[in-house]
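Student: Following this message is one structure expressed as structure tokens.
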Amino acid sequence: MGLAVLVILAAPLILYSLAPSGPLRTGDTIFSQGQQQVRVVAPGTTVGPQARETCLLDPNTPLIILELRDEREEGEILATVQGNPVSEWPFCPPHTQVCVNTQQIVQKPDPLDAPKRGLSWIVGK
């Protein structure tokens, strides 16, 4: 019985992680791959105490695609930051428009990232 429960709980996680990613489209939600330094699009945008040209995205920060600037594989994407309610410099505040490359993002977050961070926090204490 315990094995059946484990299979039922693990099946969606396995299927989600194996599902292929589709093409990027305007309005899709994407996630930063690790901590990334990105360029702020609007010149003079205030990030923290002064105007900055770049800011940092935390790992798995959700972004919404506003515009695909280049259809090539290494193309730039204009996106707006959705997560990270803390607007401390050097991190990107919510609703900031940033320019990211396709190498800096993933279409779906790592499903095992939250348990990894939880375990590292417990072990670190």
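The values are calculated or read from the model by the stated rules, or taken from the named source; none is laboratory data. Remember, it's a predicted structure, so these values are computed and weren't measured experimentally. As a convention, Cβ positions derive from the backbone with ideal geometry for all residues, glycine included, and neighbour counts pool all protein chains shown.
Student: Which residue pairs have Cβ atoms closer than 8 Å, lie 6 or more positions apart in sequence or on different chains, and pair a first residue in the stretch 1-25 that is modelled with pLDDT of 80 or more with a second residue that is part of a helix (DSSP H, G or I) and surrounded by 10 or more Cβ atoms within 10 Å (Cβ to Cβ)?
Tutor: Once the first residue is modelled with pLDDT of 80 or more and sits in the stretch 1-25, its partners that are part of a helix (DSSP H, G or I) and surrounded by 10 or more Cβ atoms within 10 Å (Cβ to Cβ) give 24/102.
Student: Would you mind telling me which numbered condition in (1) modelled with pLDDT of 90 or more; (2) exposed (fewer than 11 other Cβ atoms within 10 Å of the Cβ) residue 99 fails?
Tutor: Failed condition: (2).
Student: What number of residues within the stretch 102-125 are modelled with pLDDT under 85 and assigned to a helix (DSSP H, G or I)?
Tutor: Adding up the residues that qualify gives 12.
Student: Continuing with this model, one more query. Do we find that residue 42 is at pLDDT below 90, surrounded by fewer than 11 Cβ atoms within 10 Å (Cβ to Cβ) and outside any loop (DSSP other than H, G, I, E, B) in this structure?
Tutor: no
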